[in-house]
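Everything below concerns the one structure shown next.
Bear in mind these aren't lab numbers, they're just calculated from the coordinates by the rules spelled out. Values in this document were obtained by computation on a predicted structure and should not be read as measured data. No Cβ is skipped: glycine too gets one built from the backbone with ideal geometry, and neighbour counts run over all protein chains shown.
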Amino acid sequence: MDDYEIRNPLLEKRFVILSGPVQSQTDGDWHFVGAMELVRLYQVEVNECEFLFDSGPPGMLRNALDRGLIPLRPLYGGNYLTTKRRLLEEKNQKEESNVEVCNL
């Protein structure tokens, strides 16, 4: 990024949405959970997300993870908000530990 370029945090992606099948904990059936349903279940903003379908082209998921995006997938237990909070806390702890290492 050039020095004169202004970063807009509203345009930065935080999550990668991975739609796909999941087995229902209640009835044991398999259901497909689409991208927009995951956005709703995790209560995230669409503009914070990148979307991969069927894991995307080879290397796309790895690329998203390497850029620090948090993967959001269908969950068997359905605890989407608890999982989102845990993933955000883990990412924040990792970033804080990286800052501490840099300050040594």
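Out of region 65-87, which residues are of a type in the set (A, V, I, L, M, F, W, C) and more than 9 Å from the chain's Cα centre (by Cα)?
If we filter region 65-87 for residues that are of a type in the set (A, V, I, L, M, F, W, C), which is where we start, we get 65, 69-70, 72, 75, 81, 87.
Across region 65-87, the qualifying residues are L75, L81.
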Can you tell me which residues in region 74-92 are crowded, with 16+ Cβ neighbours inside 10 Å and more than 16 Å from K13 (Cα to Cα)? P74, L75, Y80, T83
Filtering region 62-79 down to residues that are outside any loop (DSSP other than H, G, I, E, B), under 20 Å from V33 (Cα atoms) and out of contact with any Lys or Arg (no Cβ under 9 Å at 6 or more places or on another chain) yields P71
Collect the residues in region 14-61 that are of a type outside the set (A, V, I, L, M, F, W, C), loosely packed, with under 10 Cβ neighbours inside 10 Å and outside any loop (DSSP other than H, G, I, E, B), keeping them in residue-number order. P21
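Taking region 19-63 only, how many residues are in contact with a Ser or Thr (Cβ under 9 Å, 6 or more places away or on another chain) and of a type in the set (G, A, S)?
3
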